[in-house]
Each structure stands twice: as structure tokens, then as C-alpha cells.
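First the structure, in the form of C-alpha cells, and then the observations on it.
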Amino acid sequence: MRAFRLLPSLLLAAVLPGPARAQPVRPALQDPAAVVAQAEALLKDRAASWPGRAVISVEPPRIVNQPACERMEAFLSGSGLQPRTPVGVRCLAPQPWTIYVQASVQILGTYFVANRLIRRDEVLSLDDLDTREGDLLRNRRLIGDPAHIVGWIATRRIRAGGAIESGALRDPNAIERGQQVRTVARGVGFVATSEGQALESGGPGARIQVRTRGGQIITGTVIDAHTVQVMM
């Protein structure tokens, strides 16, 4: 009889729903726009040192399971600023994660071209130059500062309309390999001068090797187009 009395209660328990189970709260995912903004800020900062206008485009990341971040920082994962630059963005708090985005960068600025045929060993003047607009980042050899052209010496032939590139010029105060130079040795209370042959090329401030008259090889600092200083 007791079993028959329990039957209605068991049937009722089977029909009525039990207490609802609490579902785990999933953390909010990171907003891709914030990641893009962080990458753009870093690229703008790095581009500020270039003589031109930066045009930056960052591809939004694919957020899979990165929780919302309270403190982020961006870093360049490649070798400096490039036309196609990977940028890393890491979360520092509350939960660490790292994600990478691709960015395209242009530095639009003015560079110089020759307005006539320039021959090797000619000294350039401002009258020899015209200007053009282009992407300075894509060709890093382009020169946008006339101070690095006027008075410098052509190391090769530059056609009319050709871009003036850094590799086509040498500093008038630089020393060339094979050139005869004057060496100045300074010590405590004395200065000694001699002559030798430069074994390397270098501009002012560069350290190069020189073979002395006696065949000794010494290292010194280029002072100007004729002088190498050796510290004793």
C-alpha cells in the first residue's frame, strides 16, 4: 500500500521541472577596434620621424577567445617600419594574451631628381634638382633633404629625371678607400702627424683602417676628406 501512496509523488516529480542550473558567465570578448587603435598609435609614433605624411591602414584582427583587456601595448614584430608591417598587440591585464595584425604604411613626401645629366665626380648644386612626390618608405634610398645633396659628389652617372639616391652620392668630407691621407696622433702632451693609405671608405666620425708608410695598420676616426685622427 505504501508503494501505491508514493506513486503519485514520483509521477509529479517526473513531470515538474527541477531547479534551473546556473549557466557559467562567459567573459566579454575584446573589441577589435581597440586593437586596431593601439596598432595605429604605435605606427603613427614610429612614422613621426620621417619627413612626410603617414598613411596607415590596419586590418582588424579575428577575435576568437581573447577576453576584453584593460591594459594593452603594441610592438613591432618585424625589423622596424616597413610598407607591409606586422604589429603585435599584447594584453597586460587582467588576462594576458597576444594577437598580431597586418598593417600597410606609406610615407608620402618630397624627394629630389636630377634635372640634367650628372656625371661621376660632379659636385651637385640646388640648380641641378627638381622635386617629385612619392612613397619614401618603399624606397629608403630616396633623399628628401637637400642638405644631403647640395655640395655632395656624384659617385656614378645620374640621368636627367633620375631620382637622387643616397648610394649615388658621397660626402665631400668623406675619405675613399685607397686614398692618401694625413694621420694625426694625439697623446698626452704631444701631437704627431704622418701619412698613409686608407684601407676603407668612411665619412666624418667613421672609424677606418689606414696603412702607414712603414706598413703598420692603424685604426682612426675620419675628421675630414684628408685627415684621420688616431688616439694614443
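We did not get these values from a lab; they are worked out from the coordinates using the rules stated. The model shown is predicted, which means the values in this text are computed figures rather than measured ones. Virtual Cβ from ideal backbone geometry, glycine too; neighbours counted across all protein chains shown.
If you take all C-alpha pairs in the stretch 85-198, what percent of them are over 26 Å apart?
Tail fraction, whole percent: 49.
Based solely on its DSSP helices, what 222 nm [θ] is calculated for the chain when runs of n ≥ 4 H residues each add -39,500 (n - 2.57) and the sum is averaged over all residues, nearest 500 deg cm²/dmol?
Computed mean residue ellipticity for the chain: -4000 deg cm²/dmol.
In the chain, what % of DSSP beta bridges are antiparallel (nearest 5)?
Given both bridge residues lie in the chain, the antiparallel proportion sits at roughly 90 percent.
Net charge around residue 67, counting only other residues with Cβ within less than 14 Å of its Cβ (Lys, Arg = +1; Asp, Glu = -1)?
+1
Can you tell me the alpha carbon radius of gyration of the chain divided by the globular rule-of-thumb value 2.2 N^0.38 Å?
Normalised Rg, Cα atoms only: 1.95.
Kirkwood Rh, Cα Rg: Rg to Rh for the stretch 33-152?
Over the Cα atoms of the stretch 33-152, Rg/Rh equals 1.18.
Filter the trypsin sites (Lys or Arg not before Pro) in the stretch 40-139 to those in DSSP coil with at most 14 other Cβ atoms within 10 Å of their Cβ, and list the result.
Here the trypsin sites (Lys or Arg not before Pro) that fit, given the DSSP loop and packing criteria, are 62, 116, 119, 120, 138.
Considering all alpha-carbon pairs of the stretch 144-231, what whole percent are spaced by more than 20 angstrom?
41 percent
Compute the angle between helix 32-47 and the longest alpha-carbon principal axis of the chain, please, reported from 0 to 90 degrees and rounded to the nearest 10.
On a 0 to 90 degree scale, this one is about 10.
Taking Cα centroids, how far is the stretch 58-104 from the stretch 172-232 in Å?
49 Å
Give me a comma-separated list of calculated 3J(HN,Hα) values for the stretch 167-173, in order, Karplus coefficients 6.51, -1.76, 1.60 applied at θ = phi - 60°, integers in Hz, x for any Gly or Pro.
For the stretch 167-173, the Karplus curve yields x, 9, 10, 10, 5, x, 9 Hz.
Once the cut-off is 17 Å, how many percent of the Cα-Cα pairs in the stretch 55-104 end up in the long-distance tail?
Everything past 17 Å amounts to 36 percent.
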